[in-house]
Amino acid sequence: MGFRVGPYKNATTLSFGLNNHTNASFNVELDYQYRFSYSKKWKLGMEVGYQQAKFSVGRGYITNNTDAVDFEGDPFIFKYAAKKYDETWSINQLNIPLTIEYSSLGTTAFYFRTGIQYSVQLRNKVDLQYNNLQTSGYFPQWDVELTEPQFAGFGLFDPLQSSQDIKLDNRWAVVGEIGVKQKLLFNQKLYRGMYFDIGLNDQSKNIPKTESNVLNYNAEPGNALNVVSVFQTKTTVNSVMRTYSVGIKLRYVL
């Protein structure tokens with residue numbers, strides 16, 4: 001039985017100048033391992049583990065102007081500016097790593113494990129939030145800029161929040177551990193070490209890219225602001241979701 005904890009983070013560049021946050025987005029995993037020993041120092045292992053993780057992206061100030069059409073079919077320029085924008089991803093996945101382990105001999109010994117991991121996505125949720133968001137609509141044909149009403153999508157929104165479930169691709173990763181193992185009574189062992197988990201594929205590759213902006217105008221009274229993830233936008237260079245994690249790993253082996 002194993003347990004690990006450490007920060008989880010996206011590792012690639014993002015559209016709209018968004019940054020990969022380094023805040024306390026931690027992941028926790030519990031796993032069960034089966035190992036096959038073919039010598040005193042070398043072992044093959046296969047695990048099944050459940051993992052919960054969070055990571056976030058965003059930026060401190062975001063603004064944009066886009067062409068839009070209102071409820072009556074009149075074209076206008078939709079403007080918005082927010083003091084802060086964040087999106088936080090909650091990941092639930094089943095990890096299945098296949099690893100090879102080397103360890104020295106003795107009551108207290110050095111060990112190193114590495115291998116490839118396949119992660120089946122169970123549920124993925126994203127929470128989107130704008131702080132101090134100001135929107136308006138400029139109608140150049142009349143030289144008028146509307147800053148209200150809110151039901152039409154114009155005004156101050158603090159905060160503006162939205163959540164949705166989004167299906168991600170299953171994940172491939174290179175994984176490894178390095179540390180010390182200690183023999184206990186009745187041939188039980190305690191492993192203590194550091195781990196790394198480096199994603200190889202873009203998990204957002206097959207997310208439908210339906211919008212050109214993270215905040216879009218929707219000509220529907222009461223539902224005028226359409227908030228989407230940066231990974232749902234279609235831009236010149238699309239955002240990529242390739243995550244990694246490093247941290248502490250503890251394992252108890254019977």
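Considering segment 179-222, and only residues there that are small (Gly, Ala, Ser) and touching a helix residue (DSSP H, G or I) at 6+ places or on another chain (Cβ under 6 Å), the residue that is nearest to Pro7 (Cα to Cα) turns out to be Ser204. Filtered by the rule that a residue be assigned to a loop (DSSP other than H, G, I, E, B) and of a type in the set (S, T, N, Q), segment 144-162 gives a lone residue, Thr147. In segment 50-64, the qualifying residues are those that are open to solvent by less than 70 Å² (accessible area, probe 1.4 Å) and in contact with a Leu (Cβ under 9 Å, 6 or more places away or on another chain), and the one that is nearest to Ser204 (Cα to Cα) is Val57. Scanning segment 86-101 for residues that are farther than 19 Å from Gln232 by Cα, among the β-branched types (Val, Ile, Thr) and under 23 Å from the mean Cα position of the chain (by Cα) turns up just one, Ile96. Considering Ser119, Ser104, the condition of being at pLDDT below 95 and either closer than 30 Å to Gly2 by Cα or surrounded by fewer than 13 Cβ atoms within 10 Å (Cβ to Cβ) (or both) is satisfied by Ser104 alone.
Here Leu168, Leu185, Leu160 are screened, and the one residue that is open to solvent by 10 Å² or more (accessible area, probe 1.4 Å) and either touching a strand residue (DSSP E or B) at 6+ places or on another chain (Cβ under 9 Å) or over 29 Å from Lys40 (Cβ atoms) (or both) is Leu160. Taking the criterion of being open to solvent by 60 Å² or more (accessible area, probe 1.4 Å) and under 30 Å from Pro75 (Cα atoms), the residues of segment 188-223 that qualify are Pro208, Thr210, Ser212, Glu220, Pro221, Gly222, Asn223.
Rundown of residues vs (1) within 18 Å of the chain's Cα centre (by Cα); (2) surrounded by 13 or more Cβ atoms within 10 Å (Cβ to Cβ), yes/no style:
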{"site": "Asn20", "(1), (2)": "yes, yes"}
{"site": "Asp31", "(1), (2)": "no, yes"}
{"site": "Ser37", "(1), (2)": "no, no"}
{"site": "Leu44", "(1), (2)": "no, yes"}
{"site": "Thr66", "(1), (2)": "no, yes"}
{"site": "Asp70", "(1), (2)": "no, yes"}
{"site": "Phe76", "(1), (2)": "no, yes"}
{"site": "Lys79", "(1), (2)": "no, yes"}
{"site": "Lys84", "(1), (2)": "no, yes"}
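Among the residues examined, Val240 does not qualify as in contact with a strand residue (DSSP E or B) (Cβ under 9 Å, 6 or more places away or on another chain), at pLDDT 90 or above, farther than 20 Å from Ala82 by Cα and open to solvent by 50 Å² or more (accessible area, probe 1.4 Å). Looking across Gln117, Gln129, Gln141, Gln121, one residue alone is touching an Asp or Glu at 6+ places or on another chain (Cβ under 9 Å) and in a loop (DSSP other than H, G, I, E, B). It is Gln141.
The values are calculated or read from the model by the stated rules, or taken from the named source; none is laboratory data. Model, not experiment: these values are computed from the prediction. Cβ: placed from backbone, ideal geometry, glycine included. Neighbour counts: every protein chain shown. SASA here: full protein model, heavy atoms, side chains in, ligands and nucleic acids out. Shrake-Rupley method; radii C 1.70, N 1.55, O 1.52, S 1.80 Å.
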